[in-house]
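Let me begin by presenting the structure, written as C-alpha cells, before commenting on it.
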Amino acid sequence: MREHRVGSGDIELAVRERGDTGRPTVLLLHGFPDTGGVWDEVAERLTGRFHVVTYDVRGAGASSAPEGVENYRMDLLLEDLRAVIDATSPDAPVHLVGHDWGAIQGWSAVNSPLLAGRIASFTSAGGASLGNTNALLRRMARKNPAATARQFAMSSYIGMIQLPRLPELTVRRALAPLFASVLRRQGITPRDGHPARTLERDMLNGLNLYRANMLGPDRTAAPPRVSVPVQIVVCSRDPYLSTELASAHAGLADRAWVRRVATGHWVQRTRPSLLSQWITEFVDAAAEGGVESREFGAFHGQLVVVTGAGSGIGRATAYGFAANGARVVVADVDEDAAKRTADGIAGLRPAHGTAYVHQVDVADAEAMRRFADEVRDTHGVPDVVVNNAGIAIAGPLLETSEEDWARITSINLDGVYRGCRLFGRQMAERGEGGHLVNIASMAAFSPTGSLGAYSATKAGVLQLSECLGIELAPAGIGVSAICPGAIKTPITRNAHYLGVDRAQADELRDFATRAFEKRGFPPEKVALAIMRAVLHGRPVVPVSPEAYVGRALSRFSPATGRALGRLGGRLNARRLDPPS
C-alpha cells in the first residue's frame with residue numbers, strides 16, 4: 001500500500017493506493033463517522049484485479065480538518081474528489097464506490113459538471129441522493145405511506161444535528177464512547193482502523209456535513225438523470241436507509257443494477273467478499289458496455305442449504321430462494337424426492353437459481369458431519385441454512401415408546417442442533433455473517449394432549465433458536481425460528497399415530513389431512529415468511545392466523561391456550577368413539 005497526500009485548495013487529503021496503477025481504478029469513498037480504513041477488507045480483495053484508491057475525506061482521519069460549517073459544502077467535497085482522481089488516475093475515469101456519506105457524495109458527483117467524464121461507473125450503498133430525496137419521498141408517500149413514515153423515523157437524527165451544542169455533547173458523552181458497541185450490535189468486530197483512533201474528532205467534524213448540506217438550497221427541481229451505469233446495494237437491515245428509498249434510486253439512472261443483501265449498514269465490514277464480488281462483476285460489465293437495467297433477486301448468487309427439501313415447506317422454500325437467484329443445496333433423506341425438487345428448480349421460467357442434490361439423514365450425526373464438510377468443500381460456506389426436516393408423531397405421551405421418542409427427537413430437535421452447530425461454525429469461521437432458519441411450529445407454544453412429543457421437540461427448536469441468536473449475534477449470524485400453523489403439506493399423511501389401532505390411525509390421518517387441505521394454507525406462504533425473516537433479521541415468526549393467535553395466548557393468557565388444547569383433545573376423542 002502506498003500512502004501519500006493530495007492537495008485540494010488549502011486542504012491536504014490522506015490517500016492510499018493498492019495494486020497495479022495500469023489496471024482500472026476503483027475509488028472507495030467512505031461515510032460518517034468512518035475513515036478510508038473502513039474499506040480495508042474490500043480493498044484487499046479487489047487489489048488483485050484493480051488499482052484501488054481510498055482516502056480520508058476532509059475532517060476525517062489523517063486529512064486536514066477545516067473549521068467552520070461552510071468548509072464542508074458539497075461543492076468543496078467534489079473538488080476534493082476531483083483532486084484525488086486527477087492525482088491517482090489522470091488518464092482514465094474511475095469506478096466510484098460510495099458508502100453512507102460517500103454514497104451521498106457519489107450521487108452528487110455523477111451529475112456534477114466538475115466531474116464530467118471522470119467517473120466510469122458508480123456503486124452506491126447506504127446513502128441517498130440529496131438532490132432527489134424529496135421527490136423520491138413524495139412518490140413513496142403516494143404509494144407506500146408506511147414506508148415513508150418509517151424512513152422519516154430513521155432519519156430523525158438529522159434534525160437533532162441541526163441544534164446548537166447538543167450534538168457535540170452527545171458525541172463526546174455517548175456516541176464516540178459507545179460506537180464500538182453500535183458496531184458489535186450489527187455483527188461487526190472493531191479492529192484497528194475501524195473505528196479510527198480519531199473517532200471523536202471525526203464525529204465532531206462530520207456534524208458539519210449534515211449542517212452544511214442537509215438544509216441547503218431548495219431541492220424541488222430534480223437534477224438531470226444519471227447517465228453513467230449505477231449499481232445500488234440495498235442493505236435490508238440498514239437502520240438508517242429504508243429498502244424502499246434505496247431501491248427507488250434505480251429510477252434516477254438510465255442503467256441501474258439493484259442488488260439486495262441481508263445485512264446492516266456497514267456492508268463492507270459484514271459482507272466484504274460478497275460486496276467485492278458485486279463490485280468486480282459490475283465494473284467488468286461497465287467496462288464492456290454490458291450494463292442494462294436489472295433488479296437482481298434478493299438472494300442472487302448466495303448459497304442456501306435446505307434440509308427436508310423433497311416436499312412440503314422444504315420444497316417451497318428451495319423454490320423460493322432459487323427464484324430469487326440463490327444457489328440451493330436441496331437435501332433430503334429421500335434422494336429421489338430431492339431430485340424432483342431440483343428438476344423443478346431447473347424448470348423455473350425465467351431461469352434463476354441453481355440446485356445441487358444431496359442425500360442426508362439429519363438423524364445421523366456422522367452423515368450430517370460429512371454433509372456439512374461436502375457442502376463447504378464443493379460449494380462454499382452457506383449464506384443461509386434452513387433446518388426444515390421433521391416428522392410428526394401424535395398420541396398420548398404415555399403411549400410413546402423409547403423408540404418413538406428417540407426417533408422424533410433425533411430428527412426434529414437433534415437434526416436442527418446439528419445443522420446449526422455444523423454450518424453455524426462454518427459461518428463464524430468465515431467471519432462474514434449468515435443466517436440460520438429453524439422450522440418450529442405453533443405447537444411450540446400451543447399445548448395439546450395429543451402432540452406431547454412433537455410439541456416438546458418444536459418448543460426445543462424455538463428455545464434453541466432464541467439462545468443461539470444471542471450467542472451468534474456478535475458474529476453477525478442471525479437465527480430465526482419459523483412457527484407455522486396448519487399448513488397443507490404431506491406431514492399429516494406421514495404422521496405416526498400412537499395409542500390407537502390401525503383403522504383408527506387411518507381415520508385420524510385422513511381427517512387431519514382433509515382438515516389441513518380444507519384450511520388451504522399453502523407452504524409457499526411459509527417460504528415467503530422464511531425469506532422475509534432472513535432479509536429483515538426476525539427472530540421468531542408465526543405463520544398463519546392461528547399461529548399468531550397461539551403465540552399471543554401463550555404470552556398473555558396461557559390458561560386460555562390450555563383450555564383450547566383440552567377442547568381439541570375432546571373433539572378428537574369423540575371422533576374415535578362417536579355416540580351410539
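The values are calculated or read from the model by the stated rules, or taken from the named source; none is laboratory data. Since the structure is predicted, the reported quantities are computational estimates derived from the model, not experimental observations. Methodologically, a virtual Cβ is constructed for each residue, glycine included, from the backbone with ideal geometry; neighbour enumeration extends over all protein chains shown. We work out accessible area using only protein heavy atoms, side chains counted, and drop any ligands, DNA or RNA first. Shrake-Rupley method; radii C 1.70, N 1.55, O 1.52, S 1.80 Å.
When you go through (1) open to solvent by 60 Å² or more (accessible area, probe 1.4 Å); (2) modelled with pLDDT of 95 or more; (3) over 21 Å from residue 206 (Cβ atoms); (4) not small (Gly, Ala, Ser) one by one for residue 94, which number turns out not to apply?
(1)
Search the range 66-80 for residues being closer than 13 Å to residue 206 by Cα and among the aliphatic types (A, V, I, L, M), and hand back the single one that is surrounded by the most Cβ atoms within 10 Å (Cβ to Cβ).
Ranking the qualifying residues of the range 66-80, first place goes to 77.
Name the pairs: first residue in the range 526-544 and within 15 Å of residue 313 (Cα to Cα), second residue acidic (Asp, Glu) and open to solvent by less than 10 Å² (accessible area, probe 1.4 Å), Cβ to Cβ under 7 Å, at least 6 apart or on different chains?
No pair meets every condition.
Hey, among the residues in the range 430-465 that are closer than 22 Å to residue 237 by Cα and not aliphatic (A, V, I, L, M), which one's surrounded by the most Cβ atoms within 10 Å (Cβ to Cβ)?
Across the range 430-465, the extreme among qualifying residues is 434.
Does at least one position in the range 83-93 carry a residue that is of a type in the set (A, V, I, L, M), in contact with a Ser or Thr (Cβ under 7 Å, 6 or more places away or on another chain) and in a loop (DSSP other than H, G, I, E, B)?
Yes: the range 83-93 contains one or more residues that are of a type in the set (A, V, I, L, M), in contact with a Ser or Thr (Cβ under 7 Å, 6 or more places away or on another chain) and in a loop (DSSP other than H, G, I, E, B).
To keep it simple, each residue is scored yes or no on (1) closer than 23 Å to residue 464 by Cα; (2) part of a helix (DSSP H, G or I); (3) in contact with a helix residue (DSSP H, G or I) (Cβ under 7 Å, 6 or more places away or on another chain); (4) modelled with pLDDT under 80.
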{"site": "500", "(1), (2), (3), (4)": "no, no, yes, yes"}
{"site": "506", "(1), (2), (3), (4)": "no, yes, no, yes"}
{"site": "515", "(1), (2), (3), (4)": "no, yes, no, yes"}
{"site": "525", "(1), (2), (3), (4)": "no, yes, no, no"}
{"site": "555", "(1), (2), (3), (4)": "yes, yes, no, no"}
{"site": "560", "(1), (2), (3), (4)": "no, yes, yes, no"}
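Go through (1) in contact (Cβ under 8 Å) with a residue 60 or more places away in the chain; (2) surrounded by fewer than 23 Cβ atoms within 10 Å (Cβ to Cβ) and name the single condition residue 110 misses.
Of the numbered conditions (1) in contact (Cβ under 8 Å) with a residue 60 or more places away in the chain; (2) surrounded by fewer than 23 Cβ atoms within 10 Å (Cβ to Cβ), the odd one out for residue 110 is (2).
Only one of 83, 60, 103 is touching a residue at least 40 places away in the same chain (Cβ under 8 Å) and either over 32 Å from the mean Cα position of the chain (by Cα) or open to solvent by 30 Å² or more (accessible area, probe 1.4 Å) (or both). Can you tell me which?
Working: 60 fails: either over 32 Å from the mean Cα position of the chain (by Cα) or open to solvent by 30 Å² or more (accessible area, probe 1.4 Å) (or both); 103 fails: either over 32 Å from the mean Cα position of the chain (by Cα) or open to solvent by 30 Å² or more (accessible area, probe 1.4 Å) (or both).
After ruling out the rest, the residue left standing is 83.
Does the range 416-425 contain any residue that is surrounded by 19 or more Cβ atoms within 10 Å (Cβ to Cβ), part of a loop (DSSP other than H, G, I, E, B) and not acidic (Asp, Glu)?
No, the range 416-425 has no match at all.
Within the range 351-385, how many residues turn out to be under 24 Å from the mean Cα position of the chain (by Cα) and either part of a loop (DSSP other than H, G, I, E, B) or of a type in the set (A, V, I, L, M) (or both)?
Result for the range 351-385: 13.
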